[in-house]
Amino acid sequence: MGGTSLKGRSNPMKPQVSDPDAHLAVKQSTHGKTEFKFGYKLYLLVDCEYELPLAANVTPANVHDFRKAGALLSEARRYAPFRPAYVMAGSGYSSKALIRLVRRQYWAQPIININKAHKKLQHQFAEAMKSREWRALYSQRQAVERGFSLLKRCYSLLPFLDSFAG
């Protein structure tokens, strides 16, 4: 499970924004710099074995990742039997509520990179996250990143949206 930014179709600095559904999001980059993204966010739930999307959702860029996790999991149930052994997600999905949901409704083991700001969860899952098994399972999460790459590169997702930028 993961999310990626999609550029909006207008300039947010102009008084008349031509894309009223897009919003501004502020986040820290992997290098610690503050980034501003205007547009949308695409969320995908991907089968790690076959690298096929099971569910997708698009929201304004200012919606936090963990708020869409339940909807993605629920959407995957809609079309086929969905019984995952594991649910893998990045640190943006780090929350007690999601861990509880994965365990109780899907009977799956959550493999979530716990955000450093969540001290209690960090302490609770510290040993598990250090294990070789956990790291091997979490590395399979790259399937969702490859899914985003495929959409952006082969299906021209970003060049299409960038052509509308104002």
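Return yes when K41 is modelled with pLDDT of 85 or more and closer than 23 Å to P110 by Cβ and no when it is not. Yes; evaluated as a whole, the condition is true for this residue.
Applying the condition of being over 22 Å from the mean Cα position of the chain (by Cα) and not polar (S, T, N, Q) to the stretch 129-143 and asking which residue is nearest to C48 (Cα to Cα) yields E133. Candidates in the stretch 105-139 are the residues that are exposed (fewer than 15 other Cβ atoms within 10 Å of the Cβ) and either polar (S, T, N, Q) or touching a strand residue (DSSP E or B) at 6+ places or on another chain (Cβ under 6 Å) (or both); of these, the one that is nearest to T4 (Cα to Cα) is S139.
All conditions but one from (1) under 17 Å from the mean Cα position of the chain (by Cα); (2) in a helix (DSSP H, G or I); (3) without any contact (Cβ under 8 Å) to a residue 40 or more places away in the chain apply to R104; the one that does not is (1). In this structure, does L157 turn out to be of a type in the set (A, V, I, L, M, F, W, C), more than 12 Å from L44 (Cα to Cα) and modelled with pLDDT under 90? For L157, the condition - of a type in the set (A, V, I, L, M, F, W, C), more than 12 Å from L44 (Cα to Cα) and modelled with pLDDT under 90 - is met. Taking residues in the stretch 28-55 that are free of Cβ contacts under 8 Å to residues at least 24 places away in the same chain, and partners anywhere that are assigned to a loop (DSSP other than H, G, I, E, B) and crowded, with 19+ Cβ neighbours inside 10 Å, the pairs with Cβ atoms closer than 9 Å and at least 6 places apart or on different chains are A55/M1.
All conditions in (1) closer than 15 Å to G3 by Cα; (2) of a type outside the set (A, V, I, L, M); (3) touching a helix residue (DSSP H, G or I) at 6+ places or on another chain (Cβ under 9 Å) hold for F82, with the sole exception of (1).
Among the residues of the stretch 77-91 satisfying the criterion of being under 20 Å from Y138 (Cα atoms) and among the small types (G, A, S), which is surrounded by the most Cβ atoms within 10 Å (Cβ to Cβ)? Out of the qualifying residues, it is A89.
For the stretch 18-38, residues that are under 11 Å from S5 (Cβ atoms), modelled with pLDDT of 80 or more and among the basic types (K, R) total 1.
Residues in the stretch 45-60: is at least one crowded, with 17+ Cβ neighbours inside 10 Å, in a loop (DSSP other than H, G, I, E, B), of a type in the set (V, I, T) and at pLDDT 85 or above? Scanning the stretch 45-60 turns up no residue that is crowded, with 17+ Cβ neighbours inside 10 Å, in a loop (DSSP other than H, G, I, E, B), of a type in the set (V, I, T) and at pLDDT 85 or above.
Taking the conditions (1) surrounded by 14 or more Cβ atoms within 10 Å (Cβ to Cβ); (2) under 18 Å from the mean Cα position of the chain (by Cα) in turn, K96 satisfies each one other than (1).
For the criterion of being at pLDDT below 90 and not β-branched (V, I, T), A97 fails.
A single entry from Q140, Q124 fulfils the requirement of being at pLDDT 90 or above and more than 25 Å from Y40 (Cα to Cα): Q140.
The values are calculated or read from the model by the stated rules, or taken from the named source; none is laboratory data. Quick caveat, the model's predicted, so the values are computed rather than measured. Note that we place each Cβ from the backbone using ideal geometry, even for glycine, and neighbour counts take in every protein chain shown.
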